[in-house]
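Notes for the one structure printed next.
The values are calculated or read from the model by the stated rules, or taken from the named source; none is laboratory data. Computed from a prediction, not measured in an experiment: that's the story for all the values here. Neighbour counts are summed over all protein chains in view; Cβ atoms, including those assigned to glycine, are modelled from backbone coordinates with ideal geometry.
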2 protein chains.
Amino acid sequence: MGRGACVWFTGLSGSGKSTTAAALVPLIEARGREVTVLDGDVVRTHLSKGLGFNREDRDTNVRRIGYVAAEIVRHGGISVASVVSPYRQTRDEVREMVGPGFVEVFVDTPLEVCEARDVKGLYAQARDGRLERMTGVDDPYEPPVRAELVLTTTDTTPEANAERVLRFLEERGVLERPTAAGRVMGAEGS
Amino acid sequence: MGRGACVWFTGLSGSGKSTTAAALVPLIEARGREVTVLDGDVVRTHLSKGLGFNREDRDTNVRRIGYVAAEIVRHGGISVASVVSPYRQTRDEVREMVGPGFVEVFVDTPLEVCEARDVKGLYAQARDGRLERMTGVDDPYEPPVRAELVLTTTDTTPEANAERVLRFLEERGVLERPTAAGRVMGAEGS
């Protein structure tokens, strides 16, 4: 059994958190490990149904996901969370809860790029005044100051970013490096 | 690493679920395993804050706990839940979610005994009409029909009941039996 870890993707809506997470999960599973996916939107439909988007409700949502992630890590499991989690202090609380297995990954996509993508149409709604408290528009996003990894998505594919997270998990000893028959290791893996 | 399991204590308020769970946890930990305690009352303060006691809210609470328990089992971990979980169908949903690691333990204490104990004063409140939807008073409790274990608490101590659950986990292969230097096995352990 390997070590537990929580890969926590944080960033604006549309930054590419869930896409990167979706690319990462099969890479971890290919190493024979189970993964619990804690996607902010998915989790809201059952774990946090009924919560809104004011600061208190956002914090409750983030702490609940953090609680589940922390318990999974305690049992040596791996969870991959993708949650806007806009407030630094609340992310730091989750870091505290999870312990050394916490890997904060800042998906650092500029607001204008996220807004141009606008996959869910939320930015358009926010600009029209149909949606309040949209992170990046009329609610703050506090970028991490000590993220384990910072990813850019304008010049890098989700697959390449997922590989980078995978290598980080190897370096941390969460995952074992494949040997011999496995894929060839890049020089940066050493 | 051993196998995952969810020990799910169900029964009336005051039946002795949490007391038995509290006696069980150190026994499991003594075998070198981590345990996540999912106590209905504790969980309500963070995982399910704001939920009430109508059927829908009770079910949401039970399903959330079941979700966390199921994820822990998936990673090979052990969780011990003590939740009234009065409705059979909802418990069976949790059984489905968790899979073969689910161990339903019915703490079968008669209502009159629970009411005489009334540790939290809830039965008195319910009889006075100050509390509505109290399980066993004006809300139903549907006893399990296929519980893995049925415990009585009027003639058995919490410690003896906890030992019985421990032996069941050994028989299921969730925990390894201690050998040689460990404690002497009872004949029923074979």
- [ ] Could you please find all residues in region A:42-73 being within 11 Å of chain B (Cβ to nearest Cβ), exposed (fewer than 15 other Cβ atoms within 10 Å of the Cβ) and within 11 Å of A:Thr90 (Cα to Cα)?
- [x] A:Glu56
Task: Residues being surrounded by fewer than 22 Cβ atoms within 10 Å (Cβ to Cβ) and within 14 Å of chain B (Cβ to nearest Cβ) - total across region A:8-30 - done: 2
Open item on the list: Suppose we filter A:Thr109, A:Thr36 for residues that are outside any helix (DSSP H, G or I), within 14 Å of chain B (Cβ to nearest Cβ) and at pLDDT 95 or above; which single one remains?
Closed with: A:Thr36
TODO: Within region B:41-60, identify whether any single residue is of a type in the set (S, T, N, Q) and assigned to a helix (DSSP H, G or I), and answer yes or no.
DONE: yes
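The rows are residues; the columns are (1) farther than 20 Å from B:Asn161 by Cβ; (2) of a type in the set (Lys, Arg); (3) part of a helix (DSSP H, G or I).
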residue	(1), (2), (3)
B:Pro100	yes, no, yes
B:Val103	no, no, no
B:Ala116	no, no, yes
B:Val119	no, no, no
B:Tyr123	yes, no, yes
B:Ala126	yes, no, yes
B:Glu132	yes, no, no
B:Glu142	yes, no, no
B:Arg146	no, yes, no
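Matching residues to (1) modelled with pLDDT under 95; (2) under 17 Å from B:Gly50 (Cβ atoms); (3) touching a strand residue (DSSP E or B) at 6+ places or on another chain (Cβ under 7 Å):
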site	(1), (2), (3)
A:Gly32	yes, no, no
A:Asp41	yes, no, no
A:His46	yes, yes, no
A:Thr60	yes, yes, no
A:Ser79	no, no, yes
A:Thr90	no, no, no
Task: Where A:Ala160 falls short, out of the listed (1) assigned to a helix (DSSP H, G or I); (2) of a type outside the set (Ser, Thr, Tyr); (3) touching a helix residue (DSSP H, G or I) at 6+ places or on another chain (Cβ under 7 Å); (4) more than 24 Å from A:His46 (Cβ to Cβ) - done: (3)
